[in-house]
Amino acid sequence: MKIQFTEREEKAFRKISEAAMQLGLPCYLIGGFVRDKILGRPTKDADFVCVGDALELATLAAKAFKPHPKVSLYKNFGTAHFRLSDGFDLEFVGARKESYQRHSRKPDVEPGTVEDDQKRRDFTINALAVSLNKEDYGNFVDPFNGLDDLKQGLIRTPLDPDQTFSDDPLRMMRAIRFACQLKFRIYPETFHAIKRNKDRIKIISQERITDELNKIILSEMPSIGFKLLYDTELLHIIFPQMIELAGAEFIEGKGHKDNFYHTLQVLDNVAERSDNLWLRWAAILHDIAKPATKRFEEGHGWTFHGHEVVGGRMVPKIFNQLKLPLGEQMKYVRKLVELHLRPISLTKENITDSAVRRLLFDAGEDFDDLMKLCESDITSKNRYKVNRYLQNFELVRERCKEVEENDKIRTWQPPITGEIIMQTFGLRPSKPVGIIKDAIKDAILDGQIPNNYEAAFAYMLQKGEECGLRANESGVRRQETGEAETSAE
Ligand code: CTP
């Protein structure tokens with residue numbers, strides 16, 4: 001079997017091969033590029049390992065390309081990189097063997113053979129090399145049976161796994177990430193070594209751990225990764241709140257569902273509907289407060305009252321702990337967690353337009369994502385039930401569409417701003433401003449007053465009076481002359 005390069009790859013690799021020959025340095029393609037090429041996955045950057053000075057090789061090879069790419073040299077690491085004009089990234093490293101000192105995590109790096117370099121890599125499927133040397137150009141160099149493992153779908157370390165994971169504990173996350181992305185199995189010895197070495201993950205920065213976690217979440221079937229994280233007990237260390245979801249308690253013969261597996265099912269369902277990482281995070285966190293709000297009520301059974309509100313409050317803390325972004329993305333996830341029970345309440349009979357308007361206003365631009373989350377939250381095994389719930393949600397969507405077409409609520413803002421309230425009553429930013437603002441919004445959404453400036457202004461004056469506030473002269477005069485109308489838009 002030979003690897004099939006595209007024309008553009010072949011052209012680039014021949015140039016690199018030529019430069020390596022001129023310098024007398026054996027050179028090989030290695031790592032993710034080879035793996036993905038064989039699996040027929042899209043490839044990104046290509047990594048080369050040479051027996052000798054990678055900086056010298058990259059510098060000479062770059063000269064063969066037009067226009068000449070700028071070469072970045074990292075002397076301390078013995079690596080070099082350049083990017084071709086079409087965006088193809090090429091990385092060069094000198095083959096090395098590493099010997100870790102017993103009491104230090106810093107490896108002593110020494111030049112080595114290509115096999116030395118292969119054995120210090122993470123997995124056999126990533127250690128597979130392809131020769132770029134004249135005499136055996138295109139042949140596999142595969143001392144650790146990477147090809148077989150690729151064919152069998154196995155994640156296995158080239159060395160004793162305890163050594164590979166102890167050298168770089170992030171590889172435990174990578175093993176699970178690859179198993180999840182590629183739908184591969186982790187070789188039993190490798191799996192047990194992850195379990196044994198799990199505590200070493202604590203020396204890895206949160207950013208790198210979260211980066212791998214996000215790759216798992218973005219896979220086609222993220223539950224595979226989470227189940228492995230759970231079974232290896234890595235999840236217990238990196239995301240303990242999620243472990244709390246696992247298990248079902250029984251009282252008086254009544255049990256509740258296992259919310260860990262339910263959450264994973266919801267996550268897979270969302271993954272089928274959307275590639276949005278943050279919608280997937282909303283799926284992971286939608287029931288996160290169920291353990292904290294769980295009660296058994298006599299004669300009624302298990303309840304989780306308020307889990308959406310408590311869950312919403314947990315979102316910033318979890319984002320902070322996992323070093324996820326705390327801006328718009330966090331607010332979006334929090335909002336979806338808080339709203340995830342609302343659409344179901346609209347599937348009941350006799351729902352008023354005002355309840356529909358209220359949901360459209362609260363969900364705003366994220367209404368469609370919220371509906372995707374709710375539809376994914378149906379995890380019954382009973383197909384009849386699933387279809388009935390989905391049909392109900394379809395009715396909610398239709399009803400929302402009708403109301404939205406008439407009222408344009410999703411992008412609507414009440415006609416009276418906080419600024420106008422402050423000016424009218426001579427207030428600084430304070431609680432009464434929010435109370436009056438919300439009262440106006442509610443009155444319009446409930447259809448109590450018309451959605452226009454005059455009606456809202458009059459209602460504001462009335463509410464202000466109820467709060468014991470006096471409108472100042474200038475505020476009322478501006479209303480009379482209609483002056484404030486422009487600032488309300
Ligand atoms: N590698 C390793 N240990 C790590 C990270 C990387 O041994 N902790 C080696 C592997 O041989 C890997 C190569 O370095 O194939 C390149 O690493 P990277 O670009 O991070 O991964 P890829 O395998 O290319 O895969 P992906 O791009 O999907 O992360």
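The values are calculated or read from the model by the stated rules, or taken from the named source; none is laboratory data. These numbers were taken from a predicted model, which means no experiment stands behind them. When we count neighbours, we look across all protein chains shown, and the Cβ atoms used for this are built from the backbone with ideal geometry, even at glycine. For accessibility, only protein heavy atoms count, side chains too; no ligands or nucleic acids. Shrake-Rupley method; radii C 1.70, N 1.55, O 1.52, S 1.80 Å.
Some notes on this structure:
- Residue among 248, 271, 292 that is of a type outside the set (Val, Ile, Thr), open to solvent by 10 Å² or more (accessible area, probe 1.4 Å) and in a loop (DSSP other than H, G, I, E, B): 248
- Qualifying residue in segment 359-370 (condition: surrounded by 21 or more Cβ atoms within 10 Å (Cβ to Cβ) and not in a helix (DSSP H, G or I)): no
- If you filter segment 174-191 down to residues that are more than 10 Å from the ligand (Cβ to nearest atom), charged (D, E, K, R) and closer than 15 Å to residue 125 by Cα, you find that the one that is least open to solvent (accessible area, probe 1.4 Å) is 183.
- Flag for residue 326 being open to solvent by less than 50 Å² (accessible area, probe 1.4 Å), outside the structural domain of residue 180 (by TED's automatic domain parsing) and within 17 Å of the chain's Cα centre (by Cα): no
- Hits in segment 415-443 (condition: closer than 21 Å to residue 360 by Cβ, touching a helix residue (DSSP H, G or I) at 6+ places or on another chain (Cβ under 7 Å) and part of a helix (DSSP H, G or I)): 437, 439, 440, 443
- Residue in segment 5-13 that is open to solvent by 10 Å² or more (accessible area, probe 1.4 Å) and not in a helix (DSSP H, G or I) present: yes
- Single match in 316, 343 (criterion: assigned to a helix (DSSP H, G or I) and surrounded by fewer than 18 Cβ atoms within 10 Å (Cβ to Cβ)): 316
- Condition met for residue 215 (within 14 Å of the ligand (Cβ to nearest atom), open to solvent by 20 Å² or more (accessible area, probe 1.4 Å) and touching a helix residue (DSSP H, G or I) at 6+ places or on another chain (Cβ under 8 Å)): yes
- Restricting segment 21-78 to residues that are within 16 Å of the ligand (Cβ to nearest atom) and charged (D, E, K, R), the residue that is modelled with the lowest pLDDT: 44
- Failed condition for residue 332, given (1) in a helix (DSSP H, G or I); (2) touching a residue at least 60 places away in the same chain (Cβ under 8 Å); (3) in contact with a Phe, Trp or Tyr (Cβ under 8 Å, 6 or more places away or on another chain): (2)
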